[in-house]
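> Sending over a structure as C-alpha cells; questions will come in a sec.
The values are calculated or read from the model by the stated rules, or taken from the named source; none is laboratory data. Keep in mind that this is a model prediction, so the values were computed, not measured. Here Cβ is always computed from backbone atoms with ideal geometry, including for glycine, and neighbour counts include all displayed protein chains. The area values use the complete protein model at the heavy-atom level, side chains included, leaving out ligands, DNA and RNA. Shrake-Rupley method; radii C 1.70, N 1.55, O 1.52, S 1.80 Å.
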Amino acid sequence: MMSRPFKTLAWSLMLGMGLVATSIPALADAPAVSQAVASDGKVLRATLDNGLRVVIVRETLSPMVTTQITYLAGGYHTPAGFPGTAHALEHMMFRDSQGMTGAQLNEMTGKMGAENNAFTTNDATQYYFVAPSNYLDILLHIESTRMEGALLTHKDWERERGAIEQEVSRDISDPGYLAFQKAERILYASTGYAEDALGTRPSFDKTTAEHLQTFYKDWYAPNNALLVIVGDVDPPSTFATVQELFGKIPQRKLAKAAPLKLQPVKPETITATTPQGTGSVQFMYRMPGMKEKDNAAAQVLLDVLNNARSSLNALAVQGKVLSADAQLQPFSYGGVGVIEVGFPKGGDAKKAQADLQGVIDDLLKNGTPAELVETSKRSEIAQAEFNKNSAVTLASAWSQAIAWMGLNSPEEAEQQIRHVTVDDVNRVAREYLKPDQRVTVVLTSDNNGKRPPDSVGFGGSESFAGNDKLDAPLPEWAAEKLSKLDMPRWTLAPVEMTLVNGIRLIVQPETISKTVTVLGHIDNNPKLHEPAGQEGASRLLSTLFDYGSTTLDRNAYHKALDDISATESGGTDFGIAVLSDQFDRGMQLLADNELHPALPQEGFAVRQETLSRSLAGEMQSPQYKMMKAMMEGLLPKGDPDLRRATPETVNKLTLQNIKDYYAKTYRPDLTTIVVVGHVTPGQAKATVERYFGAWKAEGPKPDVIAKPVATNPAGYTVVDNPYASQDQVLMGQMLELNMHNPDRYALQLGNDVLGGNGFASRLMADIRVKHGYAYGAGSGLRLDRSRSIFFVQYGSDPDKVAAVDGLVRQNLLDMQNTPVKAEELNNARQYEIRSIPISVASINSIGRSLLSWAWHGEPLDQPLVAAKHFLSMTPEQVQAAFKKYLRPHSLMQVVQGPPPAKH
C-alpha cells in the first residue's frame with residue numbers, strides 16, 4: 001500500500017489532455033457512457049444502472065487477469081485538517097468487511113498465487129489484483145464485498161493506525177520527499193492539492209473510525225468508481241458476473257469537492273541537506289493537469305528535455321553535472337513538473353543551478369528543436385503498442401485514460417499526442433516554466449542532519465485480542481474453488497540454439513503486439529575479473545556505452561535509435577525494445593554498440609570524474625555503509641566479494657585499462673541472448689547471426705563463479721542516520737547450499753510461511769497485523785550458483801526494534817522446532833504453484849525469466865520443476881531444512897537509524 005505512486009510506466013505512457021475544469025467532479029459527472037454493451041470482440045465497455053463503469057479487455061499472453069478498481073476519492077477530497085483520510089481508508093479496505101475478514105482476504109490472496117495492493121493519489125485511490133484468470137470470480141467477489149461492506153471498526157483502525165504511521169515515518173525520513181511536500185504546499189496553496197495524500201502523524205492521531213466511515217459513505221460508491229479487467233477472460237461472460245455481483249449495489253449521492261482555485265505562485269527556494277551521496281538542484285513548476293488542454297504538450301515538453309540528445313542531458317554528457325532528469329508528477333487538474341541536475345558531495349550547488357538555468361533560458365528564448373518534438377511524439381505513440389505487452393500496463397492505461405484523464409480510451413490520449421505541434425510545446429514551456437513561478441529545491445549531501453519533526457513514538461501497541469489466524473474458513477464463494485490444486489497451464493515453448501561462436505540464443509515467439517524485446521547477458525564477475533587496484537573498471541565501462549559506436553558517435557547513435565523509436569542499453573546486461581518492423585535495424589544498432597563501443601577519450605575522462613566524485617559521496621551515505629557492514633559480516637576477510645571501487649581506484653584507471661577489461665570479459669561464448677515478440681525463430685537466428693556472428697572469443701574462458709563460503713558468525717553493527725525517523729533493520733546469514741541443491745525448495749516453501757508471502761506470512765501477521773510495530777516485515781532467499789543468503793528486513797521506531805527482533809528470532813526457532821501446520825504448508829504450496837502464470841505474464845517478465853534461467857544453468861521450465869518438488873513437500877522436510885541451514889543465533893544484523901538522543 002502506498003500513498004502516491006512514483007512515475008510508473010503506465011503513468012508516463014498515456015498522458016493526454018481533456019477539457020478545462022473549474023471544479024473537481026466525481027466520476028459520475030464525466031462524459032456519459034451508454035449503458036448498452038459495446039464490444040469489438042476484445043474490448044467490452046459498459047455502464048451499469050448504478051453508474052459503475054466497466055471496461056473488459058481480452059489479452060491472452062498468459063492465463064492471468066488483472067483487476068483495477070478506481071474510486072475518484074483521493075487526497076484532494078479529504079476533510080480540512082485530515083489530509084491522510086483517503087490513504088487511511090485505503091489501508092482499512094484490507095481489514096474486515098461484511099462476510100469477509102482481513103485474514104480471509106490475505107489467505108485467499110496467497111492461495112490464489114495472486115498479488116494485490118493499492119495506492120492513493122491526490123485525485124483517486126486504486127485497488128488492484130493480479131491473479132490466475134480462473135480465479136476472476138473470486139477477485140470480483142472481493143471487490144464487490146469491499147465496495148459495499150467495509151466495516152471500518154474502531155478495533156481495526158487502532159491496529160492499522162500503527163502500520164500507517166510507520167509508513168509515514170519511513171517516507172518523512174527522506175529529505176527529498178519532505179522538500180516535495182513543501183513545494184506542493186507552495187505551488188497549490190489553499191487548494192486540495194496543497195497537502196500530499198500520504199497524511200501526517202498529527203492527522204492520524206486525531207482520525208477516528210467515524211471519520212473513515214463518513215469518507216467511505218461519501219465517496220465509495222459504484223457511481224464514483226471504474227472497474228477495469230484485462231487478461232485471459234471472455235468479456236461477455238465476465239460482464240455477466242460483474243452485473244450479478246456489482247449491479248445490486250445501490251448508487252449514492254456523492255459529496256461535492258471544493259472547486260480548484262489556484263493562487264499566484266510566489267517563487268521560493270527550499271534548501272535542505274540529504275544523507276544521499278550526491279546533491280541536487282530541482283526546479284519545480286505547476287503544470288497543466290491530465291484533464292486540461294495543454295497536458296499532452298507538457299508531456300512532450302518533458303520528453304524532449306529527457307531525450308539523450310537534449311541540452312539538459314548535455315550537461316551530464318559534458319561533465320558539468322553528475323546527472324540530469326525531467327519528470328512529471330501528474331494530477332487530474334494540475335501537476336508538478338520537476339527538472340533537476342545532480343552535483344557531487346562538496347560540489348558547487350550555485351554552479352549547478354546556473355547551468356540548469358542556462359538550459360531553461362535557452363529553451364524559453366529559442367524554443368524546442370522541432371526534430372526532438374517529433375521524436376518524442378513518435379516515442380509516446382510507439383509506447384501505446386508496447387502497452388499491449390503486459391495486461392497490467394494495458395489495464396493501467398485504460399484506468400488512467402478514463403479515471404484520471406476524463407477520456408473514453410487510451411486511443412484518445414494517443415490522438416492528443418499526435419495533435420501536439422512545436423508551437424504548442426513552446427507555448428507551454430513559456431507559460432509554465434517561468435522563473436518567477438517556480439519553487440527551487442537545493443539538496444546538499446551532508447552526513448549531519450536533523451530527525452524530521454513529528455517522528456517520535458509512531459504507532460504500535462503491545463497486543464490485540466482477536467482472530468488473526470491465517471487458516472480461518474474461507475467464504476463459501478472461494479472455498480471450493482481454492483480447495484483443489486492443479487498444475488497451471490504452461491504457455492512458454494522457447495526455441496533454443498547455439499551459434500557457431502558460442503552465443504546461446506533463445507527465441508519465444510509472441511503475437512500479442514507488433515514489438516520485439518531482446519535481452520542479453522554476458523556471464524561475468526567483476527570481483528574476480530578486475531585486476532588488483534582497478535576496482536571500478538566494470539562500472540566505469542558500463543557508463544561508456546552511452547557514447548555510441550566506432551561508426552556512429554553519440555548524437556548520431558541516439559538519433560538512429562530515435563528514428564525507430566527504440567529503447568537500447570549496452571553492457572554486460574544489454575538489450576533493445578523495438579517495433580517488429582524495425583527489428584533488423586534495431587539489432588544492427590544493438591550489435592554495433594555492444595561489439596564496437598566508441599570508448600572515446602573525452603567521454604572516458606568525463607565519466608571517470610563523474611564516477612569518482614559520485615563514489616566519494618556514496619561511500620559516506622548511510623545506505624552504502626549499511627550494505628558494506630552486512631557483507632563484511634557475512635563474508636570472511638579478504639573475500640573477493642568484499643572488493644569495492646573507491647575514488648582512488650577509479651582515478652588511477654586509464655582508457656587502456658578499460659579496453660583491456662572489455663577484451664577480457666566481453667565474449668560470445670559467455671553470452672546468452674533472448675528474443676521475445678513478433679518474430680519467428682528462423683528470423684531471429686538469421687538476424688542475430690548477421691550482426692553478432694562475426695564476434696569471436698580469444699583465450700580461455702575466465703572463471704565467473706565465486707567459491708562457496710561457510711556460515712558466518714553472529715554480528716551486530718549500527719549505522720547512524722540522523723535524517724531517519726525510524727530504524728531500518730537488515731538481518732542476514734550465508735547458507736551452505738546453492739541454487740542447484742534440491743533442499744532449496746523446502747527452504748522456499750518454509751520462507752513463504754515465515755515471511756515471504758506478504759500478509760499471509762507469520763512475520764507480517766505477528767509484527768504488523770497483530771502489533772502494528774512495523775509497516776512491513778518480511779524474509780527472503782537470494783539463491784545463486786555458489787553462494788546463497790537468507791535475510792529478514794523491516795522498518796520500525798527505535799523503541800519497537802527490540803520487540804520486533806524478539807518476534808523474528810522466536811519465529812525462526814519455531815520453524816526449526818515445530819513442523820509447520822499442514823494448512824500453512826498447503827497455502828505456501830498453492831501460492832508458489834498458482835503464481836507461476838503471474839511470473840511470466842508480460843513480454844519483459846518472459847524475457848527476463850528465460851534469460852536468468854539460461855545463464856544460471858537452470859531448465860527453461862524451471863517453475864514446473866519447482867512445482868513438482870512443492871507438490872510432494874512435507875512439513876517435516878521444511879522443518880529439517882530450516883534446522884540444517886538456518887542459524888538464528890548466527891545472524892548478522894545491521895541497524896540504520898537515528899543516533900541515540902544526547903542527554
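> Just one of the numbered conditions (1) among the hydrophobic types (A, V, I, L, M, F, W, C); (2) crowded, with 24+ Cβ neighbours inside 10 Å; (3) without any contact (Cβ under 8 Å) to a residue 24 or more places away in the chain is not true of residue 108; which one?
Tallying (1) among the hydrophobic types (A, V, I, L, M, F, W, C); (2) crowded, with 24+ Cβ neighbours inside 10 Å; (3) without any contact (Cβ under 8 Å) to a residue 24 or more places away in the chain, residue 108 fails exactly one: (3).
> Here is a list: 774, 760, 765, 822. Which entry is under 27 Å from residue 390 (Cβ atoms), of a type in the set (Gly, Ala, Ser) and in contact (Cβ under 8 Å) with a residue 40 or more places away in the chain?
The unique qualifying residue is 760.
> Restricting the range 540-588 to residues that are assigned to a strand (DSSP E or B) and of a type in the set (S, T, N, Q), which is nearest to residue 671 (Cα to Cα)?
Restricting to residues being assigned to a strand (DSSP E or B) and of a type in the set (S, T, N, Q), the top hit is 569.
> Suppose we filter 688, 718, 676 for residues that are over 16 Å from residue 502 (Cα atoms), open to solvent by less than 80 Å² (accessible area, probe 1.4 Å) and either of a type in the set (A, V, I, L, M) or without any contact (Cβ under 8 Å) to a residue 12 or more places away in the chain (or both); which single one remains?
676
> Return the total of residues in the range 437-454 being out of contact with any helix residue (DSSP H, G or I) (no Cβ under 8 Å at 6 or more places or on another chain), within 18 Å of residue 342 (Cβ to Cβ) and modelled with pLDDT of 95 or more.
Qualifying residue count, the range 437-454: 0.
> Output the residues belonging to the range 780-797 that are within 17 Å of residue 727 (Cα to Cα) and either part of a strand (DSSP E or B) or open to solvent by 10 Å² or more (accessible area, probe 1.4 Å) (or both).
Within the range 780-797, 791, 792, 793, 794, 795, 796 qualify.
> With the structure loaded, tell me whether residue 102 is touching a residue at least 12 places away in the same chain (Cβ under 8 Å), on the phi > 0 side of the Ramachandran plot and either in contact with a Pro (Cβ under 9 Å, 6 or more places away or on another chain) or surrounded by fewer than 24 Cβ atoms within 10 Å (Cβ to Cβ) (or both) or whether it fails that test.
no
> Looking at 628, 664, 659 in this structure, which one is free of Cβ contacts under 8 Å to residues at least 24 places away in the same chain and open to solvent by 40 Å² or more (accessible area, probe 1.4 Å)?
Numbers: 664 fails: free of Cβ contacts under 8 Å to residues at least 24 places away in the same chain; 659 fails: free of Cβ contacts under 8 Å to residues at least 24 places away in the same chain.
Testing whether each residue is free of Cβ contacts under 8 Å to residues at least 24 places away in the same chain and open to solvent by 40 Å² or more (accessible area, probe 1.4 Å) leaves just 628.
> Right, another one. Might you check whether a residue that is open to solvent by less than 10 Å² (accessible area, probe 1.4 Å) and either free of Cβ contacts under 8 Å to residues at least 60 places away in the same chain or in a helix (DSSP H, G or I) (or both) occurs anywhere in the range 53-74?
no
> Residue 486 passes all but one of (1) assigned to a loop (DSSP other than H, G, I, E, B); (2) more than 30 Å from residue 654 (Cβ to Cβ); (3) within 26 Å of the chain's Cα centre (by Cα); (4) not β-branched (Val, Ile, Thr); which number fails?
Result: residue 486 fails condition (3) only.
> Within the range 175-203, track down each residue that is part of a loop (DSSP other than H, G, I, E, B), within 23 Å of residue 721 (Cα to Cα) and free of Cβ contacts under 8 Å to residues at least 60 places away in the same chain.
Hits for the range 175-203: nothing passes.
> Does the range 205-221 contain at least one residue that is closer than 30 Å to residue 448 by Cα and either within 29 Å of the chain's Cα centre (by Cα) or open to solvent by 10 Å² or more (accessible area, probe 1.4 Å) (or both)?
Scanning the range 205-221, I find at least one residue that is closer than 30 Å to residue 448 by Cα and either within 29 Å of the chain's Cα centre (by Cα) or open to solvent by 10 Å² or more (accessible area, probe 1.4 Å) (or both), so the answer is yes.
> Pick out the one residue from 329, 353 that is surrounded by 18 or more Cβ atoms within 10 Å (Cβ to Cβ), in contact (Cβ under 8 Å) with a residue 12 or more places away in the chain and closer than 30 Å to residue 517 by Cβ.
After ruling out the rest, the residue left standing is 329.
> I'd like the full set of residues that are within 9 Å of residue 783 (Cβ to Cβ) and either among the hydrophobic types (A, V, I, L, M, F, W, C) or open to solvent by less than 10 Å² (accessible area, probe 1.4 Å) (or both), limited to the range 738-752.
739, 747
> If you don't mind, there's one more thing I want to ask. Show the residue pairs meeting these rules: Cβ distance below 8 Å; 6+ apart or different chains; first residue within the range 204-229 and under 21 Å from residue 248 (Cα atoms) and assigned to a helix (DSSP H, G or I); second residue open to solvent by less than 10 Å² (accessible area, probe 1.4 Å) and of a type in the set (Asp, Glu).
none
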